[in-house]
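Here the structure is laid out as C-alpha cells; the discussion comes afterwards.
The values are calculated or read from the model by the stated rules, or taken from the named source; none is laboratory data. Here the structure is a predicted model, which means the values were calculated and not measured. Here Cβ is always computed from backbone atoms with ideal geometry, including for glycine, and neighbour counts include all displayed protein chains.
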Amino acid sequence: MKINSPGDDKITVDLTKQDMLELDITYEDMDYSTIETRRVIWTLLDEAGKVLGKEVDPSRRMIIEAIPKSEGGCVLNFTILDSKRKTFPQKQLLKKQCESIICEFENLELLYRAAEGYRGCAESSLYESGGKYRLILSGLCDARDIRQYFSEFSKVTNCDRLICEHTKEHWRTLIAQNAISTLTIG
C-alpha cells in the first residue's frame, strides 16, 4: 500500500492486489452504502493519517474516486471538501471510473457467438493479429456481468490504457467502433 498527499485536501492510496485481499474487498464490491466498504475506507483513512502525520477525520465530507489497476488492486483518491461549503454532492459518494476490458478470442466462431448473445450497450472495437481477435469493450461502469458473460467465449482481462493503445497500434483494426452491433447486423 502506498499513501501520499498531493495537496492539503487530497489523499491518494494505491492498493495492490494483495492489499485488497488483506482488506477483504474487491473493486467490483466497493459501494459506500455497504458497511464493508465503509470499514475499508475508515481503515485506509486511519492508516493515511498515521503515515502522513496528520489527523484525517473520516466523518468529514469527501469525494472518493476508485480507479481499477490492470494488474489487480486499485487507486483511491480522496478529496476532502471544505467544511464551509454550503452544498455538497448528494448522489454519489464513491465514484468508480468507468473501465474497459479486452476479450481475446481464439477464432471467429466464438467471437460471433459471443456478439450474438450480448445485449449490452458498451462501446466496442475489434482487432486481429495472428488469427486471434481482440474485442475492446469500453465505458463500463459495472463490468462484472459483462466480464462473466464474455469469459464463456474468450480470455477476458482488465484493460488499462497501455494495453488498449498497444492493441490499437500493433493489431489490425477490423471494426473501429460499434463492433458488436456491426457483427450482428443481418
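Tell me yes or no: at least one residue of region 156-167 is touching a residue at least 24 places away in the same chain (Cβ under 8 Å), of a type in the set (Lys, Arg) and on the phi < 0 side of the Ramachandran plot.
Looking for residues that are touching a residue at least 24 places away in the same chain (Cβ under 8 Å), of a type in the set (Lys, Arg) and on the phi < 0 side of the Ramachandran plot, one finds none in region 156-167, hence no.
Which of the helices (runs of 4 or more DSSP H) contained wholly in region 123-186 include at least 2 residues that are within 21 Å of Cys74 (Cα to Cα)?
Helices (runs of 4 or more DSSP H) meeting the threshold: 144-150, 161-170.
Please enumerate the residues belonging to region 129-150 that are among the polar types (S, T, N, Q) and at pLDDT 90 or above.
Within region 129-150, just Ser129 meets the criteria.
Let's see how each residue does on (1) assigned by TED's automatic domain parsing to the domain that holds Tyr27; (2) within 11 Å of Ile101 (Cα to Cα); (3) among the acidic types (Asp, Glu):
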{"site": "Tyr118", "(1), (2), (3)": "no, no, no"}
{"site": "Tyr127", "(1), (2), (3)": "no, no, no"}
{"site": "Leu135", "(1), (2), (3)": "no, yes, no"}
{"site": "Ser154", "(1), (2), (3)": "no, no, no"}
{"site": "Thr157", "(1), (2), (3)": "no, yes, no"}
{"site": "Glu165", "(1), (2), (3)": "no, no, yes"}
{"site": "Ile175", "(1), (2), (3)": "no, no, no"}
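Is it the case that region 16-27 has a residue that's more than 18 Å from Arg144 (Cα to Cα), in contact with a Phe, Trp or Tyr (Cβ under 9 Å, 6 or more places away or on another chain) and not basic (Lys, Arg)?
Scanning region 16-27, I find no residue that is more than 18 Å from Arg144 (Cα to Cα), in contact with a Phe, Trp or Tyr (Cβ under 9 Å, 6 or more places away or on another chain) and not basic (Lys, Arg), so the answer is no.
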